[in-house]
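Since the structure comes first, as structure tokens, the remarks are kept for the end.
The values are calculated or read from the model by the stated rules, or taken from the named source; none is laboratory data. These figures come from a predicted structure and were not determined experimentally. Here the Cβ positions follow ideal geometry from the backbone for every residue, glycine too, while neighbour counts run over all protein chains shown.
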Amino acid sequence: MTVDHILAVKGRDVITIPPHRTLDEAVKLLAEKHIGALVVAGADRRVLGIITERDIVRVLARRGAAAFGESVSAHMTGNVRTCHGGFLVNDVMEIMTLGKFRHVPVVEDEVLVGIISIGDVVKHRLAEVEREHQVLREYIATA
Ligand code: AMP
């Protein structure tokens with residue numbers, strides 16, 4: 001199972017935010033879209049960073065509400081691990097586990113084309129395990 005398979009089911013829309021926007025705008029966008037991460041990108045859709053609910057909780061714990069007026073670029077992670085459509089879902093799972101994060105943007109020719117969250121990985125992994133069990137049940141029943 002590849003990243004392209006997941007994107008074919010879930011779609012390729014990614015909610016982005018430009019780096020000069022404020023944390024206040026980021027929080028509102030996260031809440032409005034019911035998501036946990038925003039890819040930071042300009043109009044050219046090149047990935048400049050990622051900002052997630054964890055980054056925002058961290059800065060709020062440290063500095064309180066004053067941080068809401070600060071820019072997304074001041075609090076995003078700039079060194080983003082990305083993948084492309086040909087990656088195996090298991091490889092993306094390993095990237096998430098080793099990096100201790102739950103989102104991996106999908107990039108083709110340096111342009112953002114999708115995002116994989118840990119929820120997508122778990123959903124597809126469960127479907128895979130269920131399929132394997134079904135094959136084994138059928139095998140046992142006909143043996
Ligand atoms: P998350 O678990 O995705 O909420 O992210 C936890 C931390 O990792 C936050 O500081 C994020 O900015 C950062 N992060 C999330 N996704 C990535 C990624 N693909 N590459 C690098 N850092 C990331």
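Which ones in region 86-105 are more than 10 Å from the ligand (Cβ to nearest atom) and either in contact with an Asp or Glu (Cβ under 9 Å, 6 or more places away or on another chain) or modelled with pLDDT of 95 or more (or both)?
G86, F87, L88, V89, D91, M93, E94, T97, L98
If a residue counts only when it is in contact with a Pro (Cβ under 7 Å, 6 or more places away or on another chain), which strands (runs of 3 or more DSSP E) contained entirely in region 26-143 have at least 1 such residues?
The strands (runs of 3 or more DSSP E) meeting that bar are 37-41, 47-52, 111-117.
Is at least one residue of region 93-100 out of contact with any Gly (no Cβ under 9 Å at 6 or more places or on another chain), more than 18 Å from T2 (Cα to Cα) and loosely packed, with under 10 Cβ neighbours inside 10 Å?
Taking every residue of region 93-100 in turn, at least one turns out to be out of contact with any Gly (no Cβ under 9 Å at 6 or more places or on another chain), more than 18 Å from T2 (Cα to Cα) and loosely packed, with under 10 Cβ neighbours inside 10 Å.
Return the only residue of V59, V9, V14 being among the β-branched types (V, I, T), crowded, with 16+ Cβ neighbours inside 10 Å and under 30 Å from G85 (Cβ atoms).
The match here is V14.
Any residue that is away from the ligand (no atom under 11 Å from the Cβ), touching a strand residue (DSSP E or B) at 6+ places or on another chain (Cβ under 6 Å), without any contact (Cβ under 8 Å) to a residue 60 or more places away in the chain and more than 28 Å from R125 (Cα to Cα) - is there at least one of those in region 46-67?
Yes, that holds for at least one residue.
Kindly list the number of the only condition in (1) at pLDDT 95 or above; (2) exposed (fewer than 13 other Cβ atoms within 10 Å of the Cβ); (3) over 19 Å from I6 (Cβ atoms) that fails for Q134.
Against the list (1) at pLDDT 95 or above; (2) exposed (fewer than 13 other Cβ atoms within 10 Å of the Cβ); (3) over 19 Å from I6 (Cβ atoms), Q134 comes up short only on (1).
When you go through M93, M1 one by one, which is the residue that is in contact (Cβ under 8 Å) with a residue 40 or more places away in the chain and within 22 Å of K123 (Cα to Cα)?
The unique qualifying residue is M1.
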